[in-house]
Each structure stands twice: as structure tokens, then as C-alpha cells.
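Please read the structure below before turning to the comments.
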4 protein chains.
Amino acid sequence: MSGKIKIGIVGATGYTGAELVRLLLDHPLAEIRCLTTTSAAGQDLAGIYPFLRPRFSQTLVEYKLDEVKNLDMVFICLPHGKSMEIAPELVNAGVKVIDLGADFRFRDLAAYEQAYQKHAAPEMNAQAVYGLPEYHRARLKKARLVANPGCYVTAATLALKPIVDGLAYLPGSIIIDAKSGVSGAGRALRQDTHFLEVYTNFSAYKIGAHRHQPEIEQNIGDSVVFVPQLLPVNRGILATIYVKLREKLSTEDALAVLRQKYRDEPFVRVVDEPPTLKDALGSNYCLISAKIVGDGGQLVLLSVLDNLVKGASGQAVQNMNIMFDLPETMGLERPALNP
Amino acid sequence: MSGKIKIGIVGATGYTGAELVRLLLDHPLAEIRCLTTTSAAGQDLAGIYPFLRPRFSQTLVEYKLDEVKNLDMVFICLPHGKSMEIAPELVNAGVKVIDLGADFRFRDLAAYEQAYQKHAAPEMNAQAVYGLPEYHRARLKKARLVANPGCYVTAATLALKPIVDGLAYLPGSIIIDAKSGVSGAGRALRQDTHFLEVYTNFSAYKIGAHRHQPEIEQNIGDSVVFVPQLLPVNRGILATIYVKLREKLSTEDALAVLRQKYRDEPFVRVVDEPPTLKDALGSNYCLISAKIVGDGGQLVLLSVLDNLVKGASGQAVQNMNIMFDLPETMGLERPALNP
Amino acid sequence: MSGKIKIGIVGATGYTGAELVRLLLDHPLAEIRCLTTTSAAGQDLAGIYPFLRPRFSQTLVEYKLDEVKNLDMVFICLPHGKSMEIAPELVNAGVKVIDLGADFRFRDLAAYEQAYQKHAAPEMNAQAVYGLPEYHRARLKKARLVANPGCYVTAATLALKPIVDGLAYLPGSIIIDAKSGVSGAGRALRQDTHFLEVYTNFSAYKIGAHRHQPEIEQNIGDSVVFVPQLLPVNRGILATIYVKLREKLSTEDALAVLRQKYRDEPFVRVVDEPPTLKDALGSNYCLISAKIVGDGGQLVLLSVLDNLVKGASGQAVQNMNIMFDLPETMGLERPALNP
Amino acid sequence: MSGKIKIGIVGATGYTGAELVRLLLDHPLAEIRCLTTTSAAGQDLAGIYPFLRPRFSQTLVEYKLDEVKNLDMVFICLPHGKSMEIAPELVNAGVKVIDLGADFRFRDLAAYEQAYQKHAAPEMNAQAVYGLPEYHRARLKKARLVANPGCYVTAATLALKPIVDGLAYLPGSIIIDAKSGVSGAGRALRQDTHFLEVYTNFSAYKIGAHRHQPEIEQNIGDSVVFVPQLLPVNRGILATIYVKLREKLSTEDALAVLRQKYRDEPFVRVVDEPPTLKDALGSNYCLISAKIVGDGGQLVLLSVLDNLVKGASGQAVQNMNIMFDLPETMGLERPALNP
């Protein structure tokens, strides 16, 4: 790779698109060449997102293959069902593609189709690599199409996977009580994201019926109870996860399993004290802790990340770095914003 | 009872004290006669809480038995350990007492002493009635000393007790993932309630080690996993509760058990849709719902209340109404504040 | 008036409609008989506003004169332009009417038409009484149609009117820097009231171009500079008002003018210390203070109220009490909600 | 300058200290060598600010001249009165110093002493350069001691200075109605920054009596009315500024004056639409707009910045870049965080 990476973002007006722009502006080798939209062609993205104005100005265009086929890298930020319509032609044109949607996240097409809809590109799906670098780094290096994981999924999987792989636990006992900021719900107008529905409020939704549940189950190989809940904040996920162990362990035992797995990972930090939502705000870090309660058989895991960064656009940039053989942390090491 | 109830509030400068004043100002038979304090004697409570100014002005005094022994009713809003120093002399002087603290909540003194401290008034403790009207109404009518339940405890017990009593479930499987607004933490200055520690944040604390856990366990007769968490809001508790059932049930089965129990209760509402935190804000209502997920063996309960009303001062007024043979709802039926 | 007041609310699904229901549920002589809607006929208002569920259930219907002409009192909560279509037929049918919209607020029709639109009921407009009880109480007693003032207007007028009437000030010097919670913007879906547009944000809008400006100018008889701004909170208005005086005065001089005017008013409180937004939250009180800065010639006024209560539905109930010769404070004396 | 800039931060545990660390971690030539504290020596700054943990770990030490005298650059983040005790010895040891406090901001010592306290280092004060790059860039290049401006002062001065210098306005007419997030009040525990005092609230404080007022007056050469107010958010200042003009102008006239001045400034952006608080959140940009209202003689200016960045630590890094002859934008061009 000589020179900069020429980048397109398809579906750039949503939060993950704007977040990609924010992150790529700090990436020394990224060059944003094309932003597409179905609804706002001709507008400047910085008009829609005034926070970008001091640094950025680019006119949105409608998606056309000709506009993007000569780019090096395309991020797709479309609703599910739409990515699989265009990903094949992009990949076949030699463009590297990272899909931030769900269309290529499931190895088992039946699981995808049960949760989402009929799949339109099963052959392309077979080529996709699941974009969780901590578990698929080697395959990501050669990937042409990466399926970026869901936000809740990343938080839950990073905490659970080492436990499920490394400790004796009771299958079917895992409960994920997850809380997310509102940006996970997107920018479209809905009554339930009106300021006055959320402010001073907290609520559960899609109890046992959220589409991220089968994706988590795919990743850890067990069924889970998953309850997503809406926090009255802009960003961040904190997942409180309960696992019944088959043996009595200490908190230190559980932390050791996590530390062993993530010792050399640049973006996963195992911490002794419970991490709080703000610890990750705006950053690409995922913070995980563990505590054994009761008589020693009950494990409580806490996993924190920013849903728009490590839970979406930051992880996508991390995957891009891997695909282009760059230092994995390039452009992504900024600390969280606090207070 | 002829005429008004002459009332004292001991420890009136905390949030539960101010909330009692707010509620009692709407109670047609309440007359606030005495407000005591250890730190602010000589000040007007409305100077400390300016929101009271348009309706209320009363000077705080130091606690002396002589000042309160001729009252009808005293609410004690002191930290644990302090209530048991004065409750006996008040009760023995013929004053009816409701203690909003923890000193008289445990039938088993050993459980109290393990969670809190040495008990100084074991004989008085034996006389105390636990102030959860939905379960102890008959005894409350004759009580001289009422132990008002904890806020998390009220939310958890009202949801769990009918299930534990009425359904076959797996003992030891109960997990209570509870979220509370900041007023539960009190008004004293602490780094963790500084605005900038809480705003845009969310965090777990005292995982498996909160003092409300043994109180819940006393109420339902089983051990639980209890994880309290701090929401960036002023008021409200939402508890998400997980119970493993021994049989496969439908959501409707679970709701029916709750409805059967609370059909005639004025302040507990069983609702089909997940209640949200705001549904109870400022009101004395507790809203409960249930959902069966997965293959039918996992129950998810949601319980919502305002920690300062049904979780503290409102429930105390409800108990007062019972003790004085008044309509139980007197002064307490105001709907929540919304938006 | 014997028995209860039979009440209808036209346009009940907006925030002022739901707030009227909340307030009237605490009013001992109010009986809500009819709720109308253009968009949600057949639904229960408590399904749209779950916070009402524990206390209230009533099906919304479409507006028909026959449904409401036998009521005692109708509150109109419609957008401007719609009230003037139905107010005349209601008044002519003998129903007392309070319009919470702008259609009958202007004595000078030209001013209305410049700010809003062509007026369709000029004769009815001539009969309307402006519903600011502190200034029009006598006429309100006999009114058949009351024009309830705007929220910003109430806050600004109550602070400014005694100053303009009682002190020598420089005409044209008045600046009103006003801040409002989001409920002033209504419940309809708009990008600028999406949670993520408002949270952690603050912004000015309609600078020098808000429709409440001419209404304030009508009330005080002078032109003003008016800058409305959006606070990231649910309720409340705080107006900071600047007036250049022609003489050097002390803070106490200014406070004395305000106290003199409002000494016997039940819902206006003149306070020494700057009132804060929360002091009025959920209550019908308006809190006003004053401070002289600089060399004595610059007056700063602060005026606080809840835009949905004293700024809208609470003031409407206060007007109803006056119209029905009830104690003016009936159902309205609850203190603010705090914390 | 060869190699990295060796940096010390004196008083590193406050918000401006932590913010300096956050910003300097992204600065390619900064090397944080020493963090001092009076209260937390021996602790890791990342223990106090867990958001730093993934990127940073450094033990706090007590201030000793020997520890810092060989550094290139020291930022002083101490309360007023403390900086002037140590700045002279640092400067005399050859260290470049930027003081984020008030001790060296006033050319007129009497003005300082009236607002603050007796000055202990008048000779050093005479050498200090006021750190507003847009107006003092040339002198900053050679400065040994820089007085970093106050947060409100930066917002107000950047908006007002071109107007005062370039337009005919009425002296004595300037009113600054300023709103700030809570981080401006610091991290120390105070009742008025308790979460529950601020959340859902808004309030004015130190009306006409804030110490930033004389600093603004020094910068623009006129007296002002200054009313600071507390927003229920973490960061950001929005100042709404009123200026009476001597002539009738258009909005475009006013914008032209601002654009002319700031055309080549990297961190000041003149924008057509009213900037909102979030547009600057976490960034070093100041956004300014203008609008003429009424009959053309009243100017309304809006100025937005992040009080911890352009209002404090970011501006300090900008000054450091100038003092070390680096590109002024180095490490500071990240866009705001949004949503």
C-alpha cells in the first residue's frame, strides 16, 4: 500500500457514517473520497452534522458503482437487507468492503433468515469474515468482505467468550442484562427517541427478542437470555452478564482467565474495579471486569464500550487497519472524553 | 381520631424528610408540627429546599423527646444505628413511629447485625411491624412501630413474592439487576454523586454486597444475586428480575399470578407492556410486568417505582394512613409527573 | 355551580392536554367528560401516556359539537388557526371556553395576523379576555372565552409589568434572554427534539423572530429583544431579563416594587435569592427575583415557572377556578417535585 | 527544538490537568514527565480518572522545583494565589510556563487585586503575555510566561473584540448572558454541583459579580453586564451577547466584520447559523455567529466553545505550540464528539 487509502462510505448520513468520518479525520492514511446517501444527495454532510464543519466539508452523492469501484475501501452503513444488494458488486470490482450492518454476520444462513429476512447473496456470505479482531485477526488480514459485529454483540462476546472457553459453567444459564445509550437506536425520527420519552427515563425493550441475541449465541455457542435496555444518555453500552459456574471460584480466578486472553490486545482492558460507561466514551476501548458473588458459583461480568466506536465505526477502522496491514491501532488510540 | 394528625419528622433535612413534607402538604389530615435535625437547627427547611418555599416554612430544631412526645406520629429519617436509639422512648411515650431506616426491618437480629451493626434495642425490634402494606396490612393497623422497607427491597419484593409463592421455580436462581436514580444515594457530598461523575454515565456498585440483599432474601425466603446500578437520573428504580422456572409457562400465566395477587391493591399495577421509569415518577405506584422468554422456562420480571415515594416516604404515608384507620390512599393518589 | 364541572379537552393528545388531565385529577370539582383528537380517535389517552394508567382511562373521540355542547367548560389545546374555527360555536352554545393557543391573545388583530395568520373570528376575538389572573382577574370572572397566555409570555410579563409600570426605565432597552425545557416544543416528531440533538446541548432559535415577542410587547407596552433558547431538560422556563433604568436604584428598591404588586397573589412569589428552574418544576408557582448590577442603572430580573403549569395548563385551571367562582387555588397548590 | 517537549503539569488532579493529559496524549511531540499534586501524592492519575487507564499511567508527586526545573514546559493548574508563588522560580530556571489560573491575566494589578487578592509577583506579572493567540500571537512566540485566559473570557472576547474594534456601538450597552456546563465549577465537592442540584435544573449565579467580568472588560476596553448561568451538562459555554449599535446594520454586515478578522484563524469559525453547544464539544474550536434584530440597531452575538478545551487546556496547548514554534494546530484538530 503506497499513499493513502481511498475510502467511500455508503449510507453516510446515519450515526455510524458520521462517526466513521470523525474517526477517519484522525487517521493519517485515510482519505475520504465518496459519501453516498439515498435521501440527502447534494447536501454537505457538514450541514447535517454541524460538529464536522470546522474540519470537514463534502457533498453527498447517490450511490453508483462507477463512483466507488476504483476506491480501495468501502464502508457500508445501510440497514440490513440493503448491504447484500451491493456488497457483491463491490467485492467483485476489487474493493475491500466492511459492512457495518447485519447481512453478513451469520455463518448459518438459517439463523440470519430467522432473525432478519431472506438472504440475497449466500455465496458472498460464505466469503465474509466476522470482524471481531480479537478472535479472527488472521482471517481478517486476507478478507475481501468483513461483517462488522453488532454493538451489544461486541460487548457481550468479548466478556463471555474467554469464560465460556475457559471455565466450567452451566450451559443455558447465561443472562445478559444490557444497557445502551440512544445512539444505538439511530437518527430516524421515532416517538421512543423523542427527547421527552428518554430524558429522566429508563426502559427495557425487545425482551428476549432482539436480533443481537442469535448473533451472540453464534459467537459463544450457547443460548442466552438477552434483555436490552435504553439509557438516557447519548453513547455507551454497559452489559451486566450473569453466568452460573459448575465450580466455586474466586474473583481473581475469573479475572485471570480474562487477563490471560486479552493480555496483548490493544483495545480490550481487563480491570479490577467495575468499569463505568464513561470510561469508554468516545474511545475504541472495551473494558471488562468480573466478580464472583454468593457462595462462589455465580459470576458477574461487566463489559463497557462505546457503541459507536468499538461497537461500530471504531471497530470497522480497526478492521480496515488489519486488512491493509497497517498498525492495528492507527488513528484509534485517543482516550475517552471525560468529564 | 378527631382532628388532624400531629406529625414530627426526625432527621428532616435529607431527601426522605423533604419528600415527606412534600407529600404531607397534600394530605388533608396531616399537620407537620416538628422537624428535627442534627446539623441545621435554627434554619428554615425551605431555605435548604427552596422548592418548598411557595408552600411551606418551618424552623428546624434539635431533637428532644419533650418536643415530640405529645405528637401523634413521628417519622424517623435517620441513618441506621440512630433510629434504634430513639424509637423506644418515642413508642413508650405513646407516639406512633415509622422508621424509614433499616434498624427494625429484620426479624432475625443476626441478619441485621451481619449487614449493619450490633442492635441496641432487640425488644423493640420484636414489636416492630414490617411496613409493606400489601403483605402486612392487618398487623400494621395495630402497629406502634413500623419498619418502612428499603427502596430496592420494595421494588423487588412486590414483583417476586407472588411468583415465589405461586409458581414452581428453581431456588437459588433469582437474579435482580436493579437500577436506581441518584436520590437513593442521599444528599451528602460524595465524589460519586458529583454531577460530572454521574452525567452521561452508568455504573454498578456493591455487586453482591448491598445491604438490601438480605432484606429481600428475608422477604421472599430465598437467596438472590443482587446487582445495584446507578442511573444518571434523579428518581426511580427499575428492577429487571430473572427467575428460572421448573415448568414451561406463558407470559400470560405469569401475569395472571401477579394480577391475582394485586387485583385489589391501590398502589400496585400489573401491566402488559414493560413499564418505564417515568411511569411512576413522583407517584406512589409500583408497576410490575412479566415476560417469559426462551423455551418457556425463563421468567423476566420488571418492577418500577419512585424510590422516594413508594420506595420510602410515600409508602410511609401509606403506612400512617393504615395505622390511623384512614383511607389507605389519602393524599397519595396523584399521578406521576410527565413529561 | 352545584355538583362537579363537566369538562372537555379538545386536542387532548398533546402535552398541554395530558397536563390538564394530570392537574384536573387532583381538582375536587373537576370531572373530565370528553377528550377529543384528530389523530387517535378510539385510543385510550392512558395508552399514549402510560403515566396516567394507574389513575385514569378514557377513550379519545373525534370532535363534534354535539359531544361537547352540554359541558360546562372546554379547554382547547389546538394549534393556532384551529381554535378560532370552533371557539365561536362553543361559546355560542353556552360553554365556557379557555383556549390554550394563540388565536385570541391579541387585542390588536393586525398584530395577530402579522405573527400568525388571517383571523377567522374577529368578533369573538373582541369578547375574549386575556387569561393572566394577576392582571385581569375581574374581567375573567365574567369571561365566556379566555385566551390563555403563552409560556414565555407569562414568565416575562409577570416579571416586567410591575417594573415597566412602576420604575423609570429606558424604553426600548428591554432584553429577554429566555431558556425553556423541551416540552415547550411539543410532542410531534422533529429532528430538533430527537434525544441526541438536545442531550448535552444548548441552542438559541428564532432569534428576534419568535411569536411570543409581540405578545409580550402587547402586555408591557414596549418593544423588546427576545431570544428563546432550548435547555436540555423536560420542563421549565427561566427568563433572564435586562432593563436599563433611568435612575440609580438598589436591589432592594427593585424587589420592593415586585413585592408590592404580588403581595397577595397566590401563585407569584418574589424571592431574594435567584430562583432556579427546579424550584417551580411541576407546580403552578412563578418565582421572580431582581438584582441591580454595575453602577446602579442596570436591572436584572429572573423569572422562573413550569411552562406546562403556570405557563399553560395550570394557569388554565386557575382561570377556570376564577370563571366558576371557586377558590382560585383549588387543585393547584401542590409544591414542586424535587429532587 | 529537537526531540520531544518535556512537560510538567502542576496541580494535575483537577479537570484542566486531566484535560491537558487527554490532549497531550494526542500531541506527537509532547512527553508528560511530571504530574504534581498537593493532595494525592503517590496515587496514579489514572486511578483518579479511570478514563485515562487504557492509555496512561503516571504517579503523582508533590511539587518540588528540582523535579521540574529541567523540563521544557510547565502548565500550572492551581487556584489563583498559588501560581504566583511558583511561576517566578520556574521562569527564572528557564522553564517556559503557561498558567491556566488568573494570577497573571491582568495588566492592571489593581484590577487583579480588586477581583482576587494582593499580588505577590508584580515584576513577573509585567513579563506575562496574555494567551489569546488570535490577538497576541507575535508576543506569545517569545513569551516565557503565558497567562491563559478564563473560559467565559475567551468565549466573550473572541465574539466581542472585532465588533468593538470595527463597529460603531453604544459604550456601556454590552450584556453577556453566558451559560456554562458544570466542569467550569471544578471537581471539588460542593452542594451546588451535587448531581441532584444540577440535573433538570438551570440557574444564574454571581450576577454582575463574577471575576471573569473585569477580565473581559480589560480585553475589550469597555464595561459589561455579565450574568453567568449553570447548564445541566458536562462541558461547553454558549454566550449570548447583546450590543447596541449606533447605526442600523444587516446581519451580513456584522458577520462580515467577524469573518474579516478570523478568516485565517485555525480555531475560530464564523458561521451563518446559530452554533449549538455540541458543535464544539471536546474540540478546540470556537464558533461565532451574529444576528441583527429589531429595527437594525441591536446586535446579538452567539459564541460557543468547550470550556475545558478552547476555554482552558486546548488553548494552553495552542499557546505551547506557538511558544515552541510548532504548527499551531498540532494535536488539536480533532473534531467535536457527536452525538
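A few notes on this one:
- Conditions (1) under 21 Å from C:Thr200 (Cβ atoms); (2) in contact with a Lys or Arg (Cβ under 7 Å, 6 or more places away or on another chain); number of the one not met by D:Val198: (2)
- Filter result for A:Pro162 (outside the structural domain of A:Leu100 (by TED's automatic domain parsing) and without any contact (Cβ under 8 Å) to a residue 60 or more places away in the chain): no
- Meets criteria (free of Cβ contacts under 8 Å to residues at least 12 places away in the same chain, crowded, with 23+ Cβ neighbours inside 10 Å and either touching a Leu at 6+ places or on another chain (Cβ under 8 Å) or facing chain B (nearest Cβ under 7 Å) (or both)) for A:Leu189: no
- Here the range B:112-142 is the region considered, the condition is being among the hydrophobic types (A, V, I, L, M, F, W, C) and out of contact with any helix residue (DSSP H, G or I) (no Cβ under 6 Å at 6 or more places or on another chain), and the residue that is nearest to B:Ile220 (Cα to Cα) is B:Leu132.
- Test set (1) facing chain A (nearest Cβ under 10 Å); (2) among the charged types (D, E, K, R); (3) in contact (Cβ under 8 Å) with a residue 60 or more places away in the chain; (4) closer than 26 Å to B:Gly172 by Cα - B:Lys291 fails condition number: (3)
- Among the residues of the range B:242-261, the ones that are facing chain A (nearest Cβ under 10 Å) and either surrounded by 19 or more Cβ atoms within 10 Å (Cβ to Cβ) or over 15 Å from B:Ile163 (Cα atoms) (or both) come to 2 in all.
- Failed condition for A:Lys206, given (1) outside any loop (DSSP other than H, G, I, E, B); (2) of a type in the set (D, E, K, R); (3) within 14 Å of chain B (Cβ to nearest Cβ): (1)
- Restricted to the range B:77-141, the set of helices (runs of 4 or more DSSP H) holding at least 3 residues that are more than 25 Å from B:Pro162 (Cα to Cα) comprises B:83-92, B:109-115, B:122-127.
- Residue match in the range B:141-161 (condition: away from chain A (no Cβ under 14 Å), under 29 Å from B:Lys244 (Cβ atoms) and surrounded by fewer than 21 Cβ atoms within 10 Å (Cβ to Cβ)): yes
- Residue within the range D:34-47 that is within 24 Å of D:Gly311 (Cα to Cα) and either without any contact (Cβ under 8 Å) to a residue 12 or more places away in the chain or within 14 Å of another protein chain (Cβ to nearest Cβ) (or both) present: yes
- Per the listing B:Gln229, B:Gln218, the residue uniquely within 19 Å of B:Ala155 (Cα to Cα) and in a strand (DSSP E or B) is B:Gln229.
- When the range C:104-120 is filtered for residues that are out of contact with any strand residue (DSSP E or B) (no Cβ under 9 Å at 6 or more places or on another chain), closer than 21 Å to C:His212 by Cβ and not acidic (Asp, Glu), the ones remaining, listed by number, are C:Leu109, C:Ala110, C:Ala111, C:Tyr112, C:Gln114, C:Ala115, C:Tyr116, C:Gln117, C:Lys118, C:His119.
- Residues of the range C:177-197 classified as assigned to a helix (DSSP H, G or I) and over 24 Å from C:Gly11 (Cβ atoms), total: 3
- Some residue of the range D:262-273 being aliphatic (A, V, I, L, M) and within 14 Å of chain C (Cβ to nearest Cβ): yes
- Within the range A:55-85, considering residues that are among the acidic types (Asp, Glu) and surrounded by 15 or more Cβ atoms within 10 Å (Cβ to Cβ), the one farthest from the other protein chains (Cβ to nearest Cβ): A:Glu67
- The lone criterion from (1) surrounded by 18 or more Cβ atoms within 10 Å (Cβ to Cβ); (2) facing another protein chain (nearest Cβ under 9 Å); (3) in contact with a helix residue (DSSP H, G or I) (Cβ under 8 Å, 6 or more places away or on another chain); (4) more than 21 Å from B:Leu337 (Cα to Cα) left unmet by C:Asp279 is number (4).
- Number of residues in the range A:302-339 that are within 14 Å of chain B (Cβ to nearest Cβ), over 16 Å from the mean Cα position of the chain (by Cα), under 27 Å from D:Gly314 (Cα atoms) and in contact (Cβ under 8 Å) with a residue 60 or more places away in the chain equals 2.
- Residue within the range B:138-146 that is modelled with pLDDT of 95 or more, closer than 26 Å to B:Leu277 by Cβ and not assigned by TED's automatic domain parsing to the domain that holds B:Lys248 present: no
- Residues of the range A:24-54 that turn out to be crowded, with 24+ Cβ neighbours inside 10 Å and part of a helix (DSSP H, G or I), as a count: 1
- Residues (buried (at least 24 other Cβ atoms within 10 Å of the Cβ) and β-branched (Val, Ile, Thr)) located in the range D:8-20: D:Ile9, D:Val10, D:Thr16
The values are calculated or read from the model by the stated rules, or taken from the named source; none is laboratory data. Here the structure is a predicted model, which is why all the values come from computation and not from measurement. Ideal geometry is used to build each Cβ from the backbone, glycine not excepted, and the neighbour counts take in all protein chains shown.
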